[in-house]
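Have a look at the structure below, then the notes.
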Amino acid sequence: MAAEPIRLHAPCPEALNQALKQVRLGSGAELLIHTPQWQATGWRLITAGCVEPPLVTINGQLAALRSLEAVADRCHWAIEPFWSQAALPEQQWLQISWPEGQSGQLLQLQANDALSPWQLLHLLRPDVARSTVDSLRPWLFSNGIHECNLLRQHPTVLAALNQPIRGTSLPWFHWALRQQRQDLQIAIAPHDAPALLHWLLYHGAAEHQLEPISSEGRLVPSQVPLQPWRQRPFGVNLFGYASEALGIGEDLRTVHTALCSAGIPVQVVDIPRQPSDAALRHQARCQPDQLAPYAFNIVCLTAEEHGRVMLELGTAVFQNRCTIGYWPWELSRWPQLWQPLLVLVDEVWASSAHTHAALQAALGSRTTPRLQQFPLPLEHMEPLSEEERRHWRRTFELPATAPLVICSFDGRSSYARKNPWGAIQAVQQALPPDSEARLVIKTMHAGLAEHHWQQLQTIVQADPRLLLIDAVLPREQLLGLYGCCDVLVSLHRAEGYGRVLAEALLLGLDVIATGYSGNVDFCMGPLAHPVGYTLVPVLPDEYPHAEGQVWADPDQTQASALLQAVLAERAADPSRRFHQSSAYRPLFSPEAIGQRYAQRLQQIWSNR
C-alpha cells in the first residue's frame, strides 16, 4: 500500500523551508505542499551517493534539473519549472525518486519564490507567451535575449537555448543559427558540429550579438562586477517616468524634490513608456553601477511596469541594492496576477491607507517585503491672486466672472473609474439650465476609449453649462487652469492617492469628492466635502484585474446638494480660499515628507 504523501501548509517560504528540514525525505518521497499566500516557483536539492539527478515530478510533469555544483560526494541541483501561466497553483504535488538501477540520498529540499522569467513573459508579454519551452525557443533566440536583458542573463533561459538537439551534442541555438543562414547551410554540413562551433566562436557570436559565449559554444550569463551593497554610497536611484506628462510621472518628480530637500543624493533613471531602447538596455547590462550607483532604488511605477523594467533592463541594476517599490494601486484588493511581483522589492511604500490595506492583505504572514506608508509630496502651490485667475481664464477662453467647477481625468485611467459622468450629472442637477456657472471637463487622451469619447462630446455639445478641454498641458498651464476655478468635483469610484484632489485643496478650491479610497487620508477640513457611497462590484470590462473587486458608487443626490451649498458659500465669502487652504500645506510638504523618507532610509542603512 502506497504511503500517504507528506502534507505541508506554509504561509511563507521561510516557514516551508523550516518544515522541510524536519521531514525525512527518502527515495519515493511524495509531498503535497499548499502555499496560499505565495508561490513556490523553484526548488533546490542536495543529493549524495549518486551523480545522476533524481527524478522529480511536479503536479504530474517531469521536471528538468540543472546542475549547480558538485562538492565531494554531494550534488546541488536547481529545479526551475516552465510555468505556462503567470499565476501559479496554490498546491504543488512533488514526487521524488531515483532512476532505475540508481540509488542515492536526498539530503535537502528547499523552495524559493524567485520570480520566474516564464512568469514575467506570461504576465507582461502575452503576445509571445507559449505553453511549452519548445514553442517559445524560436522567439527567445531571435528576439527575447536581444530585447530583454533578463532573458540574456537568466541561467534557466540560457539552458533552454543550450539544450542539445535530441540524439546529438549540438546545442539547439547552433541549429537555429544554421537554419537562419543559407550561407552556413551551404558551407557547413548539418551535423558538422566542430565546423559550426569554430565559425560561431570566431565569427558568429560577434555577428549575432551572442557574446559572452563559452569555449564549448554555450551561451553563458552576461555579468559585470558590481559594487557590494555595504560599499555603495548612500543615495537613491529613482526609476520612473521622469519625462512623461502623467500623474505617476509627477509622483517621481515630487519624490525627487522631497529627497533633494532632505539632502539625499539622487540619480534619476528615466524609463520610457514604450519598450526601452537599445542604449538604455546596453548601459543597464554593461555599466549598471554608472546607471544606478547608489545603495537604494526607489521605483515610482506600478508593480507591473516595475516587472517590465526588470525584464528589459535585467538584474544588474537591482542587485546589491535595497529596492523599494513606491507602487500605486487603486482598488481594494491587490491583483492576484501581481502576487509574484512582490518578490521584486525589499520594501513597498504605499501612498495611502487604502493601498496599504490592499498590500497588507496580499502579504499575509510573509515577512518580506516590508511594508511602509508614506504620502506623496506635492510641489509648493497656493491660491491664485485675482489677477492670476483673470489671466488664466482669458488664456483658456473661460467666463471672466462666472463660478467655475472643474473635473479632470486622463483617458488612460478608465472612464469607469474616474466617472466624469458623475460630475456632469451633479452639475446638471444642481444648476438651472440658464445658470452662468460652468463645468470645465479637463481631459487628455480621452479619445482612446472611442465610444465613451463620442458620448462625452455629444453630452457637452447639447449643454451650454459644459465646457471641454482635451489637451496635454504644460505643468504651469494645468495648475493655472485648476487655480482659476472654484470647485473640483471628483465622483471617482476609486483612487490610489488622488493627486489632483490634493493639488486642488492647496490651490484653494473646494473639493467635492467620493469619500472612499486613497483621498480620504487628506479630504478633511474646511475645503473638503466627502460624498457618501455604496460599494458595488467592478464589472469585468471596467478596469484591469476586476475579478472579485468592489468600488464606490457615489451618492449623486448628495453630490448635487453639496455643490449648490458650496457655490453659495463661495459667493458669500470669495476670499475663503486664501485662509482655508493653508491648513493643507503641512500634509503635502516636500520638506516634511523628505525628512520622513530620510529617516526610513537611514534606519535601513544603519542596519546594513
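The table below lists the values:
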{"item": "Tally of residues being farther than 28 Å from Gln360 by Cα and surrounded by fewer than 16 Cβ atoms within 10 Å (Cβ to Cβ) across segment 20-43", "result": "7"}
{"item": "From the options Ala242, Ala295, Ala278, residue that is among the small types (Gly, Ala, Ser), outside the structural domain of Thr156 (by TED's automatic domain parsing) and closer than 23 Å to Leu120 by Cα", "result": "Ala278"}
{"item": "Some residue of segment 493-516 being outside the structural domain of Glu250 (by TED's automatic domain parsing), in a loop (DSSP other than H, G, I, E, B) and basic (Lys, Arg)", "result": "yes"}
{"item": "Residue list for segment 517-539, filter: part of a strand (DSSP E or B) and either within 21 Å of Phe578 (Cβ to Cβ) or of a type in the set (Gly, Ala, Ser) (or both)", "result": "Ala528, His529"}
{"item": "Residues of segment 540-559 that turn out to be of a type in the set (Gly, Ala, Ser) and outside any loop (DSSP other than H, G, I, E, B), as a count", "result": "2"}
{"item": "Helices (runs of 4 or more DSSP H) completely within segment 163-214 that count 3 or more residues being more than 27 Å from Leu65 (Cβ to Cβ) and not polar (S, T, N, Q)", "result": "182-187, 193-199"}
{"item": "Helices (runs of 4 or more DSSP H) (entirely within segment 356-471) containing at least 1 residues that are in contact (Cβ under 8 Å) with a residue 60 or more places away in the chain and under 37 Å from the mean Cα position of the chain (by Cα)", "result": "386-395, 415-418, 420-430"}
{"item": "Residue satisfying all of: in segment 288-309; part of a helix (DSSP H, G or I) and hydrophobic (A, V, I, L, M, F, W, C); surrounded by the fewest Cβ atoms within 10 Å (Cβ to Cβ) among these", "result": "Leu291"}
{"item": "Residues (in a helix (DSSP H, G or I), over 29 Å from the mean Cα position of the chain (by Cα) and of a type in the set (Gly, Ala, Ser)) located in segment 564-608", "result": "Ala565, Ala568, Ala571, Ala572, Ser581, Ser582, Ala583"}
{"item": "Residue count, segment 321-345 (criterion: touching a Cys at 6+ places or on another chain (Cβ under 7 Å) and either part of a helix (DSSP H, G or I) or free of Cβ contacts under 8 Å to residues at least 40 places away in the same chain (or both))", "result": "0"}
{"item": "Scope segment 163-193; condition closer than 15 Å to Leu140 by Cβ and either touching a Leu at 6+ places or on another chain (Cβ under 9 Å) or of a type in the set (A, V, I, L, M) (or both); matching residues", "result": "Pro171, Trp172, Phe173, His174, Trp175, Ala176, Leu177"}
{"item": "Set Pro99, Pro5, Pro89: member being over 22 Å from Leu123 (Cβ atoms) and either in contact (Cβ under 8 Å) with a residue 60 or more places away in the chain or surrounded by 14 or more Cβ atoms within 10 Å (Cβ to Cβ) (or both)", "result": "Pro5"}
{"item": "Hits in segment 271-306 (condition: within 15 Å of the chain's Cα centre (by Cα) and closer than 24 Å to Leu259 by Cα)", "result": "Ile271, Pro272, Arg273, Asn297, Ile298, Val299, Cys300, Leu301, Thr302, Ala303, Glu305, His306"}
{"item": "Condition met for Leu184 (at pLDDT below 95 and surrounded by 12 or more Cβ atoms within 10 Å (Cβ to Cβ))", "result": "yes"}
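Listed here are the residues, each with its yes/no results for (1) closer than 21 Å to Gln223 by Cα; (2) buried (at least 23 other Cβ atoms within 10 Å of the Cβ).
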site	(1), (2)
Pro265	no, no
Pro275	no, no
His282	yes, no
Cys286	yes, no
Leu311	yes, yes
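The values are calculated or read from the model by the stated rules, or taken from the named source; none is laboratory data. Keep in mind that this is a model prediction, so the values were computed, not measured. Virtual Cβ from ideal backbone geometry, glycine too; neighbours counted across all protein chains shown.
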